[in-house]
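Trainee: After the structure tokens below, expect a handful of questions from me.
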Amino acid sequence: MRDSLARSASFGAWLLGLLFLGLSVVGLMRWPHWVWMAPIICAVLALAATYRLRLLGGPILLGVLTLVLLAGAAALTHVAVGVARPMS
């Protein structure tokens, strides 16, 4: 039970990390601005923490770090869209 829960959580974290990374890269290409580097770096760090979490078998600190990095990537993507998108 615990192993399947950890596997599904790891898969969800991978999907969210890739989603935020993809959105940030698309945003960087659409509205070039230096502010996109923050969510890109945060998403890459979240993917690295998820990979490390998967290898180590689930220390709680890495799980919390992954969650914080994913939330940071989401918030920074939202901020980057507001800053980089031209006023219409």
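Trainee: In Å², and per residue, what accessible area does the chain have when probed at 1.4 Å with the other protein chains present?
Mentor: Per-residue value: 68 Å².
Trainee: Given Cα pairs under 8 Å that are at least 6 residues apart, what percent is the relative contact order of the chain?
Mentor: Relative CO of the chain lands at 36 percent.
Trainee: Could you tell me what % of all Cα pairs in the chain have separations over 18 Å?
Mentor: For the chain, the share of Cα pairs beyond 18 Å comes to 43 percent.
Trainee: Give me the percent of the accessible area of the stretch 1-84 that comes from carbon and sulfur atoms, probe 1.4 Å, all protein chains in place. Don't skip to the answer; put the middle values down first.
Mentor: Working: 4230 of 5420 Å².
Percent of accessible area from carbon and sulfur atoms in the stretch 1-84: 78.
Trainee: If you don't mind, another one. How big is the accessible area of V26 in square angstrom, nearest 10, if you roll a 1.4 angstrom probe over the protein chains?
Mentor: Solvent-accessible area, nearest 10 Å²: 90 Å².
The values are calculated or read from the model by the stated rules, or taken from the named source; none is laboratory data. Quick caveat, the model's predicted, so the values are computed rather than measured. SASA here: full protein model, heavy atoms, side chains in, ligands and nucleic acids out. Shrake-Rupley method; radii C 1.70, N 1.55, O 1.52, S 1.80 Å.
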